[in-house]
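Here the structure comes first, spelled out in structure tokens, and everything after it is commentary.
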Amino acid sequence: MKNKFLLCVNNKGYEASLELRKLYENISDKEAESHGQVRIIDESGEDYLYSAKYFAPVRLLAETKNKILQKV
């Protein structure tokens, strides 16, 4: 998946780790992608692999993406 942001659309079995309808930043991981997985930082604060089926790709305007990625 080349999308930078993913929307959680299913958290069954991972209710403590994934928030439904939350936007997550996709961390590039070619090997994971080849197995139908995505790497994200979940609610534990660590990066983990999840099935890509749990997420929907989201396209954002460049301005919105920049605001999200800004360090506070």
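The values are calculated or read from the model by the stated rules, or taken from the named source; none is laboratory data. Not measured: the values here are computed from a predicted model. Here Cβ is always computed from backbone atoms with ideal geometry, including for glycine, and neighbour counts include all displayed protein chains. SASA here: full protein model, heavy atoms, side chains in, ligands and nucleic acids out. Shrake-Rupley method; radii C 1.70, N 1.55, O 1.52, S 1.80 Å.
Odds and ends about this structure:
- Of everything in region 52-61 that is out of contact with any Cys (no Cβ under 9 Å at 6 or more places or on another chain) and open to solvent by less than 70 Å² (accessible area, probe 1.4 Å), the residue that is nearest to Asn11 (Cα to Cα) is Ala52.
- Evaluating Asp42 against the criteria (1) farther than 23 Å from Lys67 by Cα; (2) without any contact (Cβ under 8 Å) to a residue 40 or more places away in the chain leaves one unmet condition, (1).
- Among residues of region 26-49, those that are out of contact with any helix residue (DSSP H, G or I) (no Cβ under 8 Å at 6 or more places or on another chain) and within 9 Å of Leu6 (Cβ to Cβ), counted: 2
- Contact map, region 3-20: first residue over 14 Å from Ala56 (Cβ atoms), second residue in a loop (DSSP other than H, G, I, E, B), Cβ cut-off under 6 Å, separation 6 or more or different chains; pairs are Ser17/Asp42; Ser17/Glu43.
- All positions within region 1-54 that are of a type in the set (S, T, N, Q) and part of a strand (DSSP E or B): Asn26, Gln37, Ser51
- Extreme residue, nearest to the chain's Cα centre (by Cα), among residues of region 26-51 that are open to solvent by 80 Å² or more (accessible area, probe 1.4 Å) and of a type outside the set (Gly, Ala, Ser): Ile41
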